[in-house]
1. So in region A:282-320, with the set limited to residues that are assigned to a loop (DSSP other than H, G, I, E, B) and touching a residue at least 40 places away in the same chain (Cβ under 8 Å), which one is surrounded by the fewest Cβ atoms within 10 Å (Cβ to Cβ)?
2. Go through (1) at negative phi; (2) modelled with pLDDT of 95 or more one by one and return the number of the condition B:ASP247 breaks.
3. Looking at B:ALA323, B:ALA256, which one is assigned to a helix (DSSP H, G or I), closer than 27 Å to A:VAL19 by Cα and free of Cβ contacts under 8 Å to residues at least 40 places away in the same chain?
4. Could you tell me which residue of region A:367-386 is modelled with the highest pLDDT, considering only residues that are more than 8 Å from every other protein chain (Cβ to nearest Cβ) and closer than 21 Å to B:GLU224 by Cα?
5. Given the options B:LEU25, B:LEU31, B:LEU129, name the one that is assigned to a loop (DSSP other than H, G, I, E, B) and either within 11 Å of chain A (Cβ to nearest Cβ) or of a type in the set (Val, Ile, Thr) (or both).
6. Take the residues in region B:1-22 that are surrounded by fewer than 20 Cβ atoms within 10 Å (Cβ to Cβ) and facing chain A (nearest Cβ under 7 Å), then tell me which one is farthest from B:SER123 (Cα to Cα).
7. Here is a list: B:SER198, B:SER212, B:SER223. Which entry is farther than 26 Å from B:ASP247 by Cβ and either in the same structural domain as B:PRO455 (by TED's automatic domain parsing) or polar (S, T, N, Q) (or both)?
8. Give me a count of the residues in region A:23-33 that are surrounded by fewer than 24 Cβ atoms within 10 Å (Cβ to Cβ) and of a type in the set (Gly, Ala, Ser).
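The values are calculated or read from the model by the stated rules, or taken from the named source; none is laboratory data. Quick caveat, the model's predicted, so the values are computed rather than measured. All Cβ positions, even for glycine, are placed from backbone atoms using ideal geometry, and neighbour counts span all protein chains on display.
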Number of protein chains: 2
Amino acid sequence: MDPFGILYTDLYQLTMGQVYFRMGLHEKEALFEAFYRRNPDYGAHQAGYTVFAGLDPLLSWMEEARFGEEEIAALRNLKSRSGKPLFAEDYLRYLKAMGGFSGLTLRALPEGRVAHPQVPLVSVEGPLLQAQLLETALLNRLNYETLIATKASRVREAAGEAVVLEFGLRRAPAKGGESATRASLIGGANRSSAVSLSHLLGLPASGTHAHSLVQAFMALGYSEEDAFRAFAEVFPDDAILLLDTVDTLHSGLPHAIRVFEELRRKGHRPVGVRIDSGDLAHLAIQVARELDRAGFPEVLIVLSGDLDELVIWQIKSQILEEAPRYGVDPDRLLKRLVYGVGTRMVVSWGAPALGGVYKLVAVRENGTWAPAMKVSNSLEKVLNPGHKRVYRVYDERGLATADLLALAEEEVREDAPLTLRHPTDPTKRRTLRPGSFRLEPLLEEVYRGRRLFPPLPLEELRKRRDRDVALLDPGVRRLVNPHVYHVSLTERLFALKEELVRRLEG
Amino acid sequence: MDPFGILYTDLYQLTMGQVYFRMGLHEKEALFEAFYRRNPDYGAHQAGYTVFAGLDPLLSWMEEARFGEEEIAALRNLKSRSGKPLFAEDYLRYLKAMGGFSGLTLRALPEGRVAHPQVPLVSVEGPLLQAQLLETALLNRLNYETLIATKASRVREAAGEAVVLEFGLRRAPAKGGESATRASLIGGANRSSAVSLSHLLGLPASGTHAHSLVQAFMALGYSEEDAFRAFAEVFPDDAILLLDTVDTLHSGLPHAIRVFEELRRKGHRPVGVRIDSGDLAHLAIQVARELDRAGFPEVLIVLSGDLDELVIWQIKSQILEEAPRYGVDPDRLLKRLVYGVGTRMVVSWGAPALGGVYKLVAVRENGTWAPAMKVSNSLEKVLNPGHKRVYRVYDERGLATADLLALAEEEVREDAPLTLRHPTDPTKRRTLRPGSFRLEPLLEEVYRGRRLFPPLPLEELRKRRDRDVALLDPGVRRLVNPHVYHVSLTERLFALKEELVRRLEG
């Protein structure tokens, strides 16, 4: 049995399915929404937005996932505490005949776009049983890829124009590395070192060499310089030499410069050096100075070793302060840096999970949508009920100023005053005058029994990310202590929510 | 192309391979070791040991992974910056003919056993190119599964005798969920909610129901009690009812008790309730009191919602303090608790990556092993060189007191005084007298061109974990501020290390 088939799910989806089936509710039209409640909080710092990712693999999975012989046999095998089968044969026959997710319609935020808390990222409409059954796989994929794309976007913000290489596969979560690489490349990394994954995404893999190359040569009686020379002979136009196996400044650097000089004499252009340990900013300054002196001002300096957005920020700040003391132009140095980011990107260091949820918000009964609620001890967990639409509101500068949740049946217009209500605080609202704002519907239909568009090239997803991030207020983009982006409700949706809470509490 | 085939690796493994190939070094016998440097540090607390996991899937992968047509075509496609192919045809032919990892021999700590920092967990011996090429896949699998098994082991320690259910798939790292579930079950979880994964591991999946069941019924005009009743009718011997969709004490609990009474009248035994939000310890006490009063002292209370080892510890402490005030026997209450642990186990909350490394430690030249070193700015990163053996040292109580690294060629005996050297501090040592200790060789040969044993049942791995944890000093097992377990070198290994550092620095 394929571990990642339709049974890559939690048991309770299937037990609830049997309850719906037995009660005749399994084909009631239901509406679920996926959203997350809070931006990732990395402890010392917090994200001001996320980058939505994971949708495309989910849609491909949905098209393939179905109950085949093996899946049904596995379910038949499960026993009740009474010793009898947990699942009845008529239910299993129904699942087999149902196949997979052919009854569902998904509307979703386009992958790669900037997303915000509480805003539905995907709405799933269709038979209650199928929609319920989708939960685990949907969250499994969207939570992780959105988390990693968000971290990568922050790394990209810190790195500015510099190239960011993802090389986290050795610390990535086993086969989750597939999603880690994809999401990193959507969120902000330029290239990945992962060979099969890059290939399948249509990008060339990227890389340098490891300490073991130098170690192997030295253990066999050669020198570090011999190892560099061998690498440069085999890859004369792609030589990036790792400096810190023995000693960055006193061994690696002079050896690399000697080999670079040989390359130059043969008409090749050395590409770069890499520093993987020590005081990276300080070493980068020293290395840049010596490379300049040796006539290699173009040679790149790749920095690596537990980098993330804060470490990159710190490195850049230190270079701006310290480089002039050594006669090195800091701006020119920053332009030749490349960041190799691994572990901390692929595990979203500091905030290793996104708590995205998938909640029933409405059920269709006699042709109309009945809103579903969950009343929780925490006001923040009270759902925004009912069948909704989502808009992004742009201000007069053209910047995104709020995401707006509205009821599906209400008309939200640009040519009338628009009141934005705080989602939980009844005292907070603001009203926009016509002409001062623009509305963009955010969700688009992406699946109706089958996916409606073929997978997009990664480049398209990156463009969406770049475009959306550029439309954020700089305060929201900030790495530390960002402005809170407004997520608001229309008057009508707010009123419905209030009414439902009252009704349930009463 | 299979994304998880032999090219589920970093590009630099293959570029270094071409350098070795061109220089005629690719079939030199090399020895790599995998180990990690520090136990997971969760910020507020730190692990005193790890549980080694991920080996079995790695060995299965090694047997399958090979360079086929698609892999060679993908590599042929990669270009140098000069525009020419990055990899030469003779090298690609060599890879194709080589196939996979048929030349390697692996010795490893048996999976499921307790492990410690700096101790080789796997040694890989064989042709330099093959051994180098294994790095990424090996670390990818071992790092993550060991990390999660360790977290699960801590959750198990906190939970004591109580059942722990893993239900983290919705927040697990995409397909990494496969490893998350497996490692959780090795490390300490009793069951998982993941259906396909449990099935493939030979365990029944476990689960309850979600809020959406109650929400769906209520949106369709039924009540919470109707939803509970429907669930109990379909699963009369497996009813675990979720209490907190509306209000745990004022709605969920009385409704559940009513449905339980009906079940009892029909001759069934209600199984449990689940509480997923709020002050879990306080609610558990109130719920236990009411269940007792209603004559259901055996009904389990499943707690869930961002649990980990510290939260479980806190819940138990609060119950011990608070339960007597409500006339509830805390010990009896603790015995009926079940912990549902999700997100924080499958992402190893607080320490989301294990920094395991794979280092070249020796190369065979003219029949003898030449030790390989990497000198780093940090003393902690200096490798323990050469071809080694690993022993676990047990004291007179039979408890594990240290792991000992020795040179492969030296004899380490139980019938002579044994000096344990600190791995980096030359002033620290202790000498054990004969008769006061026992030695256990830790690594066993598991792969020689192919795997030497079939995969073991999960139950065997769990037994190893239980046995090893029981042999730790209680101070090392402690959840917070654990004793440091000693990892030592023999006199001869320490002397070799000193000599190599001197030679390289000189």
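1. If we take residues in region A:282-320 being assigned to a loop (DSSP other than H, G, I, E, B) and touching a residue at least 40 places away in the same chain (Cβ under 8 Å), then A:ASP308 is surrounded by the fewest Cβ atoms within 10 Å (Cβ to Cβ).
2. So the condition that B:ASP247 fails would be (2).
3. Answer to the selection: B:ALA256.
4. Ranking the qualifying residues of region A:367-386, first place goes to A:TRP369.
5. Numbers: B:LEU31 fails: assigned to a loop (DSSP other than H, G, I, E, B); B:LEU129 fails: assigned to a loop (DSSP other than H, G, I, E, B).
Exactly one residue qualifies, and that residue is B:LEU25.
6. B:MET1
7. B:SER198
8. Adding up the residues that qualify gives 1.
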